[in-house]
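A.B. asks: Could you have a look at this structure, given as structure tokens, before my questions?
Derivation of every value follows stated rules applied to the coordinates shown; laboratory data play no part. In this text, all values refer to a predicted model and were calculated from it rather than measured experimentally. In this analysis, Cβ positions are derived from the backbone assuming ideal geometry, glycine residues included, and neighbour counts consider all displayed protein chains.
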Amino acid sequence: MNNQEQNGKYAITARNLNIYYGDFLAVKEVDLDIHLNKITAIIGPSGCGKSTVLRAFNRMNELIPVARTEGEILYKGQNIYAPEVDPVEIRRHVGMVFQKPNPFPKSIYDNVAWGAKVNGFEGNMDNLVEESLRGAALWEEVKDKLDQNGLSLSGGQQQRLCIARTIAVKPSIILMDEPASALDPIATLKIEELMRELAENYTIIVVTHNMQQAARVSDYTAFFNLADRRAGILDEFDNTEMIFTNPTKQSTEDYITGRFG
Amino acid sequence: MNKDIIQDNTHEIKDYQAKLESRHRRGKAWQIVFRASTFTGIIALVILLLNIINSAFGYVAIQDAIPPEDLAVNGIPIESLHEIDLVGILEEHLSAGLIRRLESETPWEERSRDEILTLVITRVVEPTVEDTWSLFDSIFNKDKVLREQQEKFPESRLEFKSWLSADFLVTPQSPEPEFAGVRTAILGSLWTIAITLLFSFPLGVGAAIYLEEYATDTPLNRLIQTNINNLAGVPSIIYGMLGLAVFVRILEPLTSGAIFGAVDPTTANGRTVISAGLTLGLLVLPMIIINAQEAIKAVPNSLRQASYGMGATRWQTVWHHVLPNALPGILTGAILALSRAIGETAPLVVVGASTYITFDPSSPFSKFTTLPIQIWQWTARPQDEFRNIAAAAIIVLLVLLLTLNATAILLRNRYSTRD
């Protein structure tokens with residue numbers, strides 16, 4: 001894959017993004033283009049604002065009272081931070097999977113159905129649930145126990161259940177915040193396979209501490225780093241292959257070779 | 001552990017063994033203190049219960065004004081007589097004026113045979129309890145009981161009486177301790193509690209939801225929170241005075257039912273069940289709010305994040321996830337509030353609970369009394385026998401409390417979705 005193959009279609013774009021926690025500038029002047037139906041990995045040392053940037057894409061930072069976002073994020077030509085835009089609506093288009101699997105304490109069926117229900121879905125719920133569970137590679141394992149509590153599943157299964165409920169509301173973008181870091185290696189591999197399958201229909205942005213995972217799974221990689229006064233900046237962004245074999249900046253090379261982390 | 005190894009590794013700590021033993025000894029001493037305090041609590045509870053049971057059962061010396069055998073007509077005992085014969089006995093032994101009054105209240109034809117028999121027993125036979133003995137004496141000092149009975153009341157008969165009986169529960173108040181029951185008080189308590197919970201539970205939980213999920217951290221909100229915390233510690237009599245001023249006096253048209261045209265004929269003022277319920281509702285409101293807040297705070301944030309991530313509104317998140325998850329804790333708060341409210345006496349005295357009424361409360365706007373007030377009133381009377389029925393009423397109150405608590409705990413367990 002070379003630079004000329006980057007298609008002109010971006011799913012979502014961040015322009016001059018600055019995010020504050022109170023007076024502290026956590027993320028500084030980020031410009032980031034996310035390619036449609038590709039997997040973009042966000043890597044970088046601890047505390048450089050990776051999760052904060054990820055949460056900016058579906059306005060989840062607003063749940064933290066002291067967080068303040070400046071700049072724009074453009075989705076389908078519209079700035080999602082414009083005052084007339086409802087964050088609730090954005091989160092239907094941009095779904096999220098969290099680091100520690102957090103299924104609802106409801107049945108497996110209700111876990112998948114609930115999101116669609118509250119968003120006003122009125123079609124055949126059984127079909128939607130089956131379709132979503134198949135899309136998350138979980139259907140075969142749970143089809144006979146749909147009314148069992150979601151918390152009775154193993155960690156890897158719970159995470160796939162969380163993915164199933166996310167795709168049940170048919171978003172176009174899925175954000176994943178270290179989705180496999182709380183799972184064992186076999187479950188991790190399953191999640192990575194799943195990510196490649198999902199990328200055919202969804203745009204995926206994944207934050208990961210695991211560089212090998214980023215190299216295995218993603219098409220594009222954004223390397224974030226700490227600048228002065230611990231503000232996070234976007235140091236380098238390119239095709240994954242380029243970042244890991246021939247990075248432009250020294251800091252990128254130092255990070256991926258493990259000289260700091 | 002091999003002593004040599006210890007000495008080798010810890011040779012820098014002088015007298016390690018001795019210090020180790022002293023640390024264990026100190027731990028054991030504290031363990032004894034904790035055990036002793038638990039034990040003391042249990043002992044206190046057992047003594048309390050034994051004391052109550054002691055007064056609620058025992059031998060009594062009963063003297064009849066006219067023995068029932070003397071009233072038998074043609075050898076037939078009064079229990080088997082027809083109404084006509086029973087009415088005849090009444091007319092023979094009671095004054096004309098009393099007969100006229102009884103008839104004008106309810107004519108003989110409308111009274112059942114059992115009612116007339118009860119009249120004969122209470123008004124003609126007139127069994128009077130002349131003396132009572134505690135359960136302890138009745139079981140262990142029976143000869144002393146017999147001796148005292150023969151000395152003081154030779155004409156009386158000795159009966160083992162359980163002051164707590166089915167009759168006791170369904171009989172209304174009476175000036176005679178033998179015939180008094182807690183029916184009015186139980187109903188009054190239940191009515192009052194119902195109004196208290198109906199008023200304070202939705203308000204309290206709503207306030208807690210607002211404070212935890214919607215309110216931002218402003219100086220005003222912090223002031224409100226501090227005030228609520230402080231109100232939980234205000235003495236209950238002050239709530240009584242508040243209830244008197246606001247519900248009984250200022251809101252009299254509302255609490256007496258005048259606005260609804262439902263004024264109770266027995267009391268045309270604000271000293272009604274609804275005033276009592278509202279006063280107690282204010283009293284337990286801070287408790288419910290604080291407990292509900294704690295329960296909501298304990299809901300893991302990951303659950304909220306998952307819900308918001310699905311594109312749910314704040315209300316949907318609260319209603320579908322936060323509240324069900326917090327429900328066990330919220331219900332616990334309600335149980336505590338209920339237990340507190342049932343036992344409150346002082347504020348209800350101020351609000352105007354009656355100490356002597358004989359009819360059941362028929363609406364929120366009627367006069368009322370409650371179990372604790374009844375108990376207090378009976379323990380203050382001079383006759384000893386009132387102490388016995390006070391003990392029986394205490395047992396009723398404890399059973400009522402335990403039942404309500406058990407129901408609430410069952411409900412809490414059933415709706416707990418945590419596991």
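A.B. asks: Loop sites only, by DSSP: take the trypsin sites (Lys or Arg not before Pro) in chain B that have at most 13 other C-beta atoms within 10 Å and name the longest stretch containing none of them.
C.D. replies: It works out to B:15-417.
A.B. asks: I'd like the antiparallel share, as a percent to the nearest 5, of DSSP beta bridges with both residues in the protein assembly as shown.
C.D. replies: Working: 38 of 56 bridges.
Beta bridges within the protein assembly as shown, antiparallel portion: roughly 70 percent.
A.B. asks: Starting from the Cα coordinates of chain A, work out the convex hull volume and express it per residue in Å³. Write out the running numbers ahead of the final one.
C.D. replies: Numbers: hull volume 34.1 nm³, N = 261.
Per residue, the Cα convex hull of chain A comes to 131 Å³.
A.B. asks: More than 19 angstrom separation, counting every C-alpha pair in the range A:87-155; what % is that? Intermediate values should be presented prior to the final figure.
C.D. replies: On the way: 808 of 2346 pairs.
So the portion of pairs separated by more than 19 Å is 34 percent.
A.B. asks: What is the local net charge at residue B:157, summed over the other residues whose Cβ is closer than 11 Å to its Cβ (Lys, Arg +1; Asp, Glu -1)? Let's see the in-between values first.
C.D. replies: Working: positive: none; negative: B:64, B:130, B:155, B:159.
Here the count lands on -4.
A.B. asks: So if the hydrodynamic radius of the range B:276-402 is defined as the Kirkwood radius over C-alpha pairs, what does Stokes-Einstein give as its diffusion coefficient at 10 °C and 1.306 mPa s, in µm² per second?
C.D. replies: Once the numbers are plugged in, D ends up at 90 µm²/s.
A.B. asks: Taking K and R as +1 and D and E as -1, what net charge do the other residues with C-beta under 15 Å from the C-beta of residue A:114 add up to?
C.D. replies: After counting each charged neighbour, the total is +3.
A.B. asks: Which semi-axes, in whole Å and largest first, does the equivalent ellipsoid of the range B:173-242 have when worked out from the alpha carbon gyration tensor as the square roots of 5 times its eigenvalues?
C.D. replies: On the way: eigenvalues 313, 46, 8 Å².
Largest first, the range B:173-242 gives 40, 15, 6 Å.
A.B. asks: Here is a follow-up. Could you work out how far the C-alpha centroid of the range A:144-217 sits from that of the range A:234-261, in angstrom?
C.D. replies: Value for the Cα centre distance between the two parts: 25 Å.
A.B. asks: How long is chain B along each principal axis, judged by its Cα atoms, biggest number first, in Å?
C.D. replies: Each principal axis gives a Cα extent; for chain B these are 101, 70, 37 Å.
A.B. asks: Per Stokes-Einstein, at 25 °C and 0.890 mPa s, what whole-number D in µm² s⁻¹ belongs to the range B:291-340, with the Kirkwood radius over Cα pairs as the hydrodynamic radius?
C.D. replies: After rounding, the answer is 216 µm²/s.
A.B. asks: Moving on to the next point. Hey, what angle do you get for helix B:323-342 against the long axis of chain B, alpha-carbon based, 0 to 90 degrees rounded to 10?
C.D. replies: 40 degrees
A.B. asks: Given the rule -39500 (n - 2.57) for each run of at least 4 DSSP H residues, summed and divided by the residues of chain B, what is its mean residue ellipticity at 222 nm, to the nearest 500 deg cm²/dmol?
C.D. replies: Calculated at 222 nm, the ellipticity per residue is -19000 deg cm²/dmol.
A.B. asks: In peptide B:365-376, how many Cβ atoms from other protein chains are near each Cβ within 10 Å, on average?
C.D. replies: Other-chain Cβ atoms within 10 Å of each residue's Cβ, averaged: 0.
A.B. asks: Now for a different question. Write down the Kirkwood hydrodynamic radius of the range B:312-378, to one decimal in angstroms, obtained as one divided by the mean of 1/r over all alpha carbon pairs. Write out the running numbers ahead of the final one.
C.D. replies: Numbers: mean 1/r = 0.0666 Å⁻¹.
15.0 Å is the Kirkwood radius here.
A.B. asks: How are the C-alpha pair distances of the range B:251-348 spread across 5 Å bins, as whole percents from the shortest bin up?
C.D. replies: Binned Cα distances yield the sequence 2, 12, 16, 12, 11, 11, 10, 9, 7, 5, 2, 1.
A.B. asks: With n ≥ 4 as the cut-off for DSSP H runs, can you work out [θ] at 222 nm for chain A, using -39500 (n - 2.57) per run divided by the number of residues, rounded to the nearest 500?
C.D. replies: Details: 10 runs with 88 residues, N = 261.
The helix-only estimate for chain A comes to -9500 deg cm²/dmol at 222 nm.
A.B. asks: Next question, about the same structure. Can you tell me the convex hull volume per residue for the range B:183-414, based on C-alpha atoms, in Å³ to the nearest whole number?
C.D. replies: That works out to 140 Å³ per residue.
A.B. asks: Here is a follow-up. Counting GluC sites (Glu not before Pro) as exposed when in a DSSP loop with at most 15 other beta carbons within 10 Å, what is the longest stretch of chain A free of them?
C.D. replies: A:1-83
A.B. asks: Positive end of the charge dipole of chain A (Lys, Arg +1 and Asp, Glu -1 on Cβ, about the Cα centre): tell me which of A:37, A:65, A:203 has its Cα farthest that way.
C.D. replies: A:65
A.B. asks: Can I ask one more? To the nearest 20 debye, what charge dipole does chain A have about its Cα centre, counting +1 at the Cβ of each Lys and Arg and -1 at the Cβ of each Asp and Glu?
C.D. replies: Around 400 debye, computed over chain A.
A.B. asks: For the range B:92-210, just the Cα set please: Rg and Dmax, both in angstrom.
C.D. replies: When restricted to the Cα atoms of the range B:92-210, Rg and Dmax are 22.4, 72 Å.
A.B. asks: With the dipole of the range B:58-163 worked out from charges on the C-beta (+1 for Lys and Arg, -1 for Asp and Glu) around the Cα centre, which of B:132, B:75, B:121 lies farthest toward the positive end?
C.D. replies: Value computed over the given set: B:132.
A.B. asks: Now for a separate question. Can you pull the mean other chain C-beta count within 10 Å for peptide A:104-111?
C.D. replies: Values: counts 9, 8, 4, 0, 0, 0, 1, 1.
Taking the mean over all residues of the peptide, I get 3.
A.B. asks: Another question, if that's okay. Starting from the amide H of residue A:96, placed 1.01 Å from N in the peptide plane, find each other amide H under 5 Å away whose residue is 5 or more places distant or on another chain.
C.D. replies: Under 5 Å from the amide H of residue A:96: A:175.
A.B. asks: Starting from the Cα of residue A:249, step 7 Å along the direction of its Cβ; do the same at residue B:355; then give the gap between the two resulting points in nm.
C.D. replies: Simple spin-label model gives 8.5 nm for this pair.
A.B. asks: Within chain B, what is the longest stretch that has no GluC sites (Glu not before Pro) placed in a DSSP loop and near at most 10 other beta-carbon atoms within 10 Å? It would help to have the intermediate numbers written out before the result.
C.D. replies: On the way: sites that count: B:12, B:155.
The longest uninterrupted stretch comes out as B:156-419.
A.B. asks: May I pose another question? Determine the principal axes of the Cα atoms in the range B:1-147, then give the extent along each, sorted from largest to smallest and rounded to whole angstroms.
C.D. replies: Here the spans come out as 105, 38, 25 Å, largest first.
A.B. asks: Tilt of helix A:108-118 relative to the longest C-alpha principal axis of chain A, in degrees (0 to 90, nearest 10)?
C.D. replies: Once rounded, the angle reads 70 degrees.
A.B. asks: A further question follows. Within a 10 angstrom radius of each residue's Cβ in B:297-304, how many Cβ atoms of other chains show up on average? Whole number is fine. Each step should come with its number before you reach the end.
C.D. replies: On the way: counts 0, 0, 0, 2, 2, 5, 4, 2.
Going residue by residue through B:297-304 and averaging, the value is 2.
A.B. asks: Sticking with this structure for a sec: If R₀ is 56 angstrom, what is the calculated FRET efficiency for the pair residue B:250 and residue A:259, using the beta carbon separation as r and rounding to 0.05? Intermediate values should be presented prior to the final figure.
C.D. replies: Details: r = 77 Å, r/R0 = 1.37.
Using R0 = 56 Å, I get an efficiency of 0.15.
A.B. asks: If eta is 1.306 mPa s and T is 10 °C, what Stokes-Einstein diffusion coefficient results for the protein assembly as shown, Kirkwood Rh from Cα pairs, in µm²/s? Walk me through the numbers before you get to the answer.
C.D. replies: Details: Rh = 32.5 Å.
The estimated diffusion coefficient comes to 49 µm²/s.
A.B. asks: Could you tell me the distance between the Cα centroids of the range B:135-153 and the range B:86-130, to the nearest Å?
C.D. replies: Each part's Cα centre sits 34 Å from the other's.
A.B. asks: Using only Cα atoms and rounding to the nearest 10 degrees, what angle (0 to 90) does helix A:185-198 make with the longest principal axis of chain A?
C.D. replies: Here the helix axis deviates by roughly 90 degrees.
A.B. asks: Next question, about the same structure. Computed FRET efficiency, Cβ-Cβ of residue B:213 and residue B:405, R0 22 Å: what is it to the nearest 0.05? Mind dumping the intermediate values first?
C.D. replies: Values: r = 29 Å, r/R0 = 1.31.
The value I calculate is 0.15.
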